[in-house]
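Down below is the structure, laid out as structure tokens.
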Amino acid sequence: MFQKITLLALVLAAVSCQKKESVEKDKIKVADWLIGNWENKSPEGVLTENWQKLNDSTFSASSYFIKEKDTIHFENIVLTQKDETLTYIATVKGQNNDKPVSFSATAESDKQLVFENPKHDYPQKITYTKGANNTLTAEISGNLNGKPSSEKFVMTKK
């Protein structure tokens, strides 16, 4: 009898650990709608974000803004899941000594992702919102030079 109880306890422990690992890895799936190539063309130039899935816990993107033939802004982005936390890591060329800055997810759904880092100079908040007709709105916001500021970029899937 004791052997059966022990075996049952081991099986239950293994199944519960396996289920927890599955839930942890599945959390990033809420962001699957980011995957793809996004673009915003305006008189100021072209903003592009290209998202791809690297593995079960990591997405990556390159984001760049080109005006005529000049790259005005370039950044690499990694969206990663560790345990049950989604983290958005941005490395912007020419900013923060080219070192990455991390933003923790504060809200995630199949239509919106919100990442925040209150200690960062600007932005302190990054929001991605899935829109209708294959659109995506990226918004950066926070305090800039002591004043509230925000910028929105509406992109269409290519």
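At a glance:
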{"quantity": "Cα-based Lys pair tally, region 23-99, threshold under 28 Å, eight or more apart or on separate chains", "calculated": "23"}
{"quantity": "Residue order for Thr71, Thr135 - accessible surface, 1.4 angstrom probe, largest first", "calculated": "Thr71, Thr135"}
{"quantity": "Two-decimal log10 I(q)/I(0) for region 100-158, as the Debye equation yields it once each C-alpha is a single scatterer, q = 0.18, 0.22, 0.27 Å⁻¹", "calculated": "-0.64, -0.87, -1.08"}
{"quantity": "Low-density loop positions, GluC sites (Glu not before Pro), region 72-146 - DSSP coil, at most 15 other Cβ in 10 Å", "calculated": "Glu84"}
{"quantity": "Efficiency of FRET between Asn134 and Asn96 - r from beta-carbon atoms, R0 30 angstrom, step 0.05", "calculated": "0.40"}
{"quantity": "Global geometry of region 39-158, whether rounded, prolate or oblate, following the gyration tensor of its Cα atoms and the 1.5 cut on a/c", "calculated": "rounded"}
{"quantity": "Vicinal HN-Hα couplings computed from phi for region 44-56 (Karplus, 6.51 cos²θ - 1.76 cosθ + 1.60; Hz; Gly/Pro x)", "calculated": "6, x, 10, 9, 10, 10, 10, 9, 9, 8, 8, 6, 5"}
{"quantity": "From phi via Karplus (6.51, -1.76, 1.60), per-residue ³J(HN,Hα) for region 101-118 in Hz, x at Gly/Pro", "calculated": "10, 9, 10, 8, 5, 10, 7, 8, 8, 7, 10, 8, 10, 10, 10, 9, 8, x"}
{"quantity": "Note, ³J(HN,Hα) from phi for region 146-157, Karplus 6.51, -1.76, 1.60, rounded to Hz, x at Gly and Pro", "calculated": "x, 10, x, 8, 7, 9, 10, 10, 9, 10, 10, 6"}
{"quantity": "With eigenvalues of the C-alpha gyration tensor scaled by 5 and rooted, region 23-101, Å", "calculated": "27, 15, 7"}
{"quantity": "Filtered trypsin sites (Lys or Arg not before Pro), region 38-114: DSSP coil and at most 12 other beta carbons within 10 Å", "calculated": "Lys69, Lys93, Lys111"}
{"quantity": "Other-chain or far-sequence residues with amide H under 5 Å of Gln124's (modelled H)", "calculated": "Ser141, Gly142, Asn143"}
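The values are calculated or read from the model by the stated rules, or taken from the named source; none is laboratory data. What you see is a predicted model, and the numbers here were worked out from it, not measured in a lab. Here Cβ is always computed from backbone atoms with ideal geometry, including for glycine, and neighbour counts include all displayed protein chains. With ligands, DNA and RNA removed, areas are computed over all heavy atoms of the protein, side chains included. Shrake-Rupley method; radii C 1.70, N 1.55, O 1.52, S 1.80 Å.
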